[in-house]
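Just so you know, all these numbers are worked out from the coordinates, no wet-lab data involved. Computed from a predicted model, the values in this text were never measured in an experiment. No Cβ is skipped: glycine too gets one built from the backbone with ideal geometry, and neighbour counts run over all protein chains shown.
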């Protein structure tokens, strides 16, 4: 597609730096290997079978999805071993999971309720194929997952007594994030590990020793040496990284591999400029550090507000922005996962050149 020429790129557009991406993938694979843990990447960040296949080439025994529609897209691309992290509820999900397993999906599924366990049991019985189950525990994020040890043991027993394969426990450390000071993160990871250790010990005493103890989240994974109990880590954002990852101290601006190229379209006042990238381009996650993305060329500026198609830029010191109409800026999003799901395609850059355009194959796969 020729040399990297800013004026030839229609904006707003997502660009992914392939070299940086490969570096991020390799670094996490090496970290997991050094820790003696399996790496199970969450594909919700990139939503790309190409990158999922690359993650498995680097040693992942399976990849993670949230929804069955994501699982179907990866299965169609030939990726069979998958971890499904979202609770499956209802006849439609039961039928779809059984259908995918009949088509060759080798699934591991998270569950935190008796109805969910019964659904998995019916699917395992119907298909007669392997179906592994992990009991989801709440380690502090207070979303899905069971908090009580007795509840976890009870659900594990229900799974173990049924046709599904009880494999262990899983969690998501979503509360270990950019909202805490970076200096607090190690202690939060230690507390996360303590919860998993307590749950695993109780299950072992009950004769239900988990063979899989799965820890989710890119920030906990970055502190993987403190995760003594987990047998596997499930980061997602690590492939591209983003501004929130930077704020946690788990990335630098140079590590961030996905960004939006935007154009200044208006300078109605000296202290305000407007970009052609709003919430339909960057998503509305935030604000983080006072804004909705990191402006690589001008860290002294803040993307202060978003509407659907407009991003308003101001100076952090409340002075003039110094921006000119037609100027191009590159923005690292606050949360890269939601940003990628807004786009049909992205440009691929390699050593300063635009070399390809890839589809976001799993975009909108939310069922």
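Where the centre of each part is set by its Cα atoms, how far does the stretch 254-326 sit from the stretch 1-71, in angstrom?
26 Å
Nearest 5 is fine: what % of DSSP beta bridges in the stretch 24-115 come out antiparallel, could you say?
Antiparallel: roughly 0 percent of the beta bridges in the stretch 24-115.
What FRET efficiency do you get for residue 325 and residue 353 if R0 is 30 Å and r is their Cβ-Cβ distance, rounded to the nearest 0.05?
The computed FRET efficiency comes out at 0.65.
With a 10 Å Cβ neighbour count serving as the proxy for reagent exposure, in which order, fewest first, do 266, 283, 214 appear?
266, 283, 214
Compute the angle between helix 149-160 and the longest alpha-carbon principal axis of the chain, please, reported from 0 to 90 degrees and rounded to the nearest 10.
70 degrees
Note down the relative contact order for the chain as a percent, whole number, built from C-alpha pairs under 8 angstrom at least six residues apart.
20 percent
Just the number, please: percent antiparallel of the DSSP beta bridges in the chain, rounded to the nearest 5.
Roughly 50 percent of the DSSP beta bridges within the chain come out antiparallel.
Rounded, prolate or oblate for the stretch 18-242? Axes are the square roots of the Cα gyration tensor eigenvalues, ordered a ≥ b ≥ c, and the cut-off for rounded is a/c under 1.5.
Because a/c hits 1.5 or more and a/b fails to exceed b/c, the stretch 18-242 counts as oblate.
Quick one: angle between helix 185-205 and the longest Cα principal axis of the chain, in degrees between 0 and 90, rounded to 10, please.
Taking the Cα atoms of the chain, the angle to 185-205 is about 20 degrees.
How would 184, 285 line up from fewest to most surrounding beta-carbon atoms within 10 angstrom?
The most exposed by this proxy come first: 184, 285.
Only Cα pairs under 8 Å and at least 6 apart count here; give the relative contact order of the stretch 319-361 as a rounded whole percent.
27 percent
Between residue 280 and residue 191, what length in nm is gained on full extension when 0.36 nm per residue of separation is reduced by their alpha carbon distance?
28.3 nm
Taking Cα atoms, how many degrees apart are the long axis of helix 114-127 and the longest axis of the chain, rounded to 10 and kept between 0 and 90?
Around 80 degrees separate the two axes.
FRET efficiency for residue 22 and residue 150, Cβ-Cβ distance as r, R0 = 56 Å, nearest 0.05?
The formula returns an efficiency of 0.75 here.
Listing 193, 289, 161 from the residue with the fewest other Cβ atoms within 10 Å to the one with the most, what is the order?
Lowest to highest Cβ neighbour count: 161, 289, 193.
What distance in nm separates the two pseudo spin-label positions at residue 266 and residue 142, each 7 Å out from Cα along the beta-carbon direction?
4.0 nm
Mind checking which of 110, 194, 277 has the largest fluctuation in a GNM of the chain, springs on alpha carbons under 10 Å?
194
I need the shape label for the stretch 1-103. Rule: rounded when a/c is under 1.5, else prolate if a/b > b/c, else oblate, with a, b, c from the alpha carbon gyration tensor.
Oblate, since a/c reaches 1.5 and b/c is not below a/b.
In whole percent, what relative contact order does the stretch 251-335 give with Cα contacts below 8 Å and a gap of six or more residues?
Contact order relative to length: 39 percent.
What shape does the stretch 293-367 take by its C-alpha gyration tensor, where a ≥ b ≥ c are the square roots of the eigenvalues and a/c under 1.5 counts as rounded, a/b above b/c as prolate, and the rest as oblate?
oblate
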